[in-house]
Amino acid sequence: MLKFWKKKPAEPTPTPAADPAPVEELAPPAPSPAADAGSLDSAPGLAEVLAEAPPAPADVPAVTPDVEESAVVEAAQPVRRSWRDRLSGSGFAKSLTSLFVRNPKLDDDLLDELETALITADVGVEASTNLVEDLRRRMHKREFADASALLAALRAELVALLKPVERPLDVGTQAPFVILTVGINGVGKTTTIGKLARRYSDEGRSVILAAGDTFRAAAVEQLKTWGERNKVPVVSQGQDADSASVIFDALQTARARGSQVLIADTAGRLHTQGGLMDELGKIARVMKKLDPAAPHEVLMVIDGTTGQNAISQVRQFLQIVGVTGLVVTKLDGTAKGGVMFALAREFGLPIRYVGLGETATDLRTFNAEAFVDGLLPQALGN
């Protein structure tokens, strides 16, 4: 029998894959007089440059999203947890819960222990004493039927302390809206900036970051990593560059590109370091040469574990650079969350955001009622 074989068709020649588009790495604009001078305030020819329209920045490629990387980052984000889930494990919440569960009897001993718990959590001696004495007066007038009624009154008092500072940051229509972030070492400024960039990008706003922390090793690279993760460009000049020069260039770039938000990082510094504190004043002065209203927000980042020392920090930064809003981080695991009440009572500054965890979505717009409810026992309160 004859057998007929089909001829196997030739396989197509594979087409070489195109090189992937690079993720944007934003170069700074053409060096300004500020960038070449050791001091912007005395840079030769700076006044003439500022009198003209800001020079156009160097050509920058458009951001090309990396789909696979984005998917990995999104997949790594856990389910958003409630305020109670985040705060109930804090030392402050545990002490209040233990107090009411262990001693639910309505008497002076309960109020004495409550005062101790508030002071230990850094609500402040005066604020704690005034709050507890008011509750004691009402208890003796028989306004409370039981400990649950007392707890409800405590909730109302704590919310009343925080409600006046519950003022979210509105970037409005000013373009670019300039946010200058300040604070001491180790409070989480750079991480907070990365989370803010994610928040504003998710809202559909165009964002640029300025790597103004040129003092700390690896700070610039850390901010670039956040920029790559969020597909947000970063203006930088490397370590030991003049911080005011970097932020000056970033503002030029943001203006030229029509960006809506510019977030500037600064080196962490102790409030007792006079020279570094003066540098913040210099940064603000230089920005005003391009935009008299800049910075539109001076956002001070505070570590929630700092306790009462945060009061002196804010006082010093207020004098030097005029803080207009606060971010309080690391509140999910601290026994010192009471500093929120002390700050509100002492300064009345808006608390814009609070940090309740490690992920980008754990930077929450401050909500006084949600915060207090997260601290109080669920069974007896709200």
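Yes or no: Leu280 modelled with pLDDT of 95 or more and outside the structural domain of Val123 (by TED's automatic domain parsing)? Write out each step before concluding.
Values: modelled with pLDDT of 95 or more: no; outside the structural domain of Val123 (by TED's automatic domain parsing): yes.
Taking the combined requirement at face value, the residue does not satisfy it.
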Residue within region 216-232 that is surrounded by fewer than 24 Cβ atoms within 10 Å (Cβ to Cβ), under 16 Å from His296 (Cβ atoms) and under 18 Å from the mean Cα position of the chain (by Cα) present: no
Complete set of residues in region 139-197 that are free of Cβ contacts under 8 Å to residues at least 60 places away in the same chain and of a type in the set (Asp, Glu): Glu143, Asp146, Glu157, Asp170
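Quick grid of which residues meet (1) in contact (Cβ under 8 Å) with a residue 40 or more places away in the chain; (2) surrounded by fewer than 21 Cβ atoms within 10 Å (Cβ to Cβ):
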{"site": "Leu299", "(1), (2)": "yes, no"}
{"site": "Asp303", "(1), (2)": "yes, no"}
{"site": "Gly307", "(1), (2)": "yes, yes"}
{"site": "Ala310", "(1), (2)": "no, no"}
{"site": "Leu318", "(1), (2)": "no, yes"}
{"site": "Thr324", "(1), (2)": "no, yes"}
{"site": "Val327", "(1), (2)": "yes, no"}
{"site": "Lys330", "(1), (2)": "yes, no"}
{"site": "Val339", "(1), (2)": "yes, no"}
Looking only at region 156-187, and only at residues there that are in contact with a Gly (Cβ under 7 Å, 6 or more places away or on another chain) and within 15 Å of Ile263 (Cα to Cα), the one that is modelled with the highest pLDDT: Leu169
All positions within region 228-264 that are part of a helix (DSSP H, G or I) and under 18 Å from Ala284 (Cβ atoms): Ser243, Ala244, Ser245, Val246, Ile247, Phe248, Asp249, Ala250, Leu251, Gln252, Ala254, Arg255
Test result for Pro176, surrounded by 15 or more Cβ atoms within 10 Å (Cβ to Cβ), within 30 Å of Val301 (Cβ to Cβ) and not acidic (Asp, Glu): yes
Residue that is nearest to Val178 (Cα to Cα), among those in region 205-226 that are assigned to a loop (DSSP other than H, G, I, E, B) and hydroxyl-bearing (Ser, Thr, Tyr): Ser206
Residue within region 125-142 that is assigned by TED's automatic domain parsing to the domain that holds Thr97 and within 27 Å of the chain's Cα centre (by Cα) present: yes
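For region 182-224, which residues satisfy the criterion of being of a type in the set (D, E, K, R) and closer than 22 Å to Lys330 by Cβ?
So in region 182-224, the residues of a type in the set (D, E, K, R) come out as 189, 195, 198-199, 202-203, 205, 213, 216, 221, 224.
Answer for region 182-224, where residues must be of a type in the set (D, E, K, R) and closer than 22 Å to Lys330 by Cβ: Lys189, Lys195, Arg198, Arg199, Asp213, Arg216.
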Entirely in region 112-204, the helices (runs of 4 or more DSSP H) that have 3 or more residues that are more than 21 Å from Leu375 (Cα to Cα): 125-140, 189-202
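Please enumerate the residues belonging to region 282-334 that are small (Gly, Ala, Ser) and over 25 Å from Ile119 (Cβ atoms). Talk me through it step by step, then tell me what you get.
Of region 282-334, the ones small (Gly, Ala, Ser) are 284, 293-294, 304, 307, 310, 312, 322, 325, 333.
Correct list: Ala284, Ala293, Ala294, Gly322, Gly325.
Suppose the filter is of a type in the set (S, T, N, Q), outside the structural domain of Val328 (by TED's automatic domain parsing) and free of Cβ contacts under 8 Å to residues at least 24 places away in the same chain; does Thr116 pass it?
Details: of a type in the set (S, T, N, Q): yes; outside the structural domain of Val328 (by TED's automatic domain parsing): yes; free of Cβ contacts under 8 Å to residues at least 24 places away in the same chain: yes.
For Thr116, the condition - of a type in the set (S, T, N, Q), outside the structural domain of Val328 (by TED's automatic domain parsing) and free of Cβ contacts under 8 Å to residues at least 24 places away in the same chain - is met.
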Residue match in region 180-199 (condition: aliphatic (A, V, I, L, M), more than 25 Å from Ile320 (Cβ to Cβ) and touching a Pro at 6+ places or on another chain (Cβ under 9 Å)): no
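Could you tell me how many of the residues in region 263-289 are among the hydrophobic types (A, V, I, L, M, F, W, C) and surrounded by fewer than 16 Cβ atoms within 10 Å (Cβ to Cβ)? Please lay out each step first, then the result.
Just the residues of region 263-289 that are among the hydrophobic types (A, V, I, L, M, F, W, C), to begin with: 263-264, 267, 270, 276-277, 280, 283-284, 286-287.
Of the ones still in play, those that are also surrounded by fewer than 16 Cβ atoms within 10 Å (Cβ to Cβ) are 270.
Qualifying residue count, region 263-289: 1.
Could you tell me which residue of region 197-207 is surrounded by the most Cβ atoms within 10 Å (Cβ to Cβ), considering only residues that are closer than 16 Å to Lys224 by Cβ and within 14 Å of the chain's Cα centre (by Cα)? Steps first, please.
Initially, region 197-207 is screened for residues closer than 16 Å to Lys224 by Cβ, giving 197-198, 201, 207.
Filter once more, keeping what is within 14 Å of the chain's Cα centre (by Cα): 197-198.
Values: Ala197: 25, Arg198: 22.
It comes out as Ala197.
The values are calculated or read from the model by the stated rules, or taken from the named source; none is laboratory data. Since the model is a prediction, treat every value here as computed from it, not as a measurement. Note: ideal-geometry Cβ built from the backbone for every residue, glycine included; neighbour counts use all protein chains shown.
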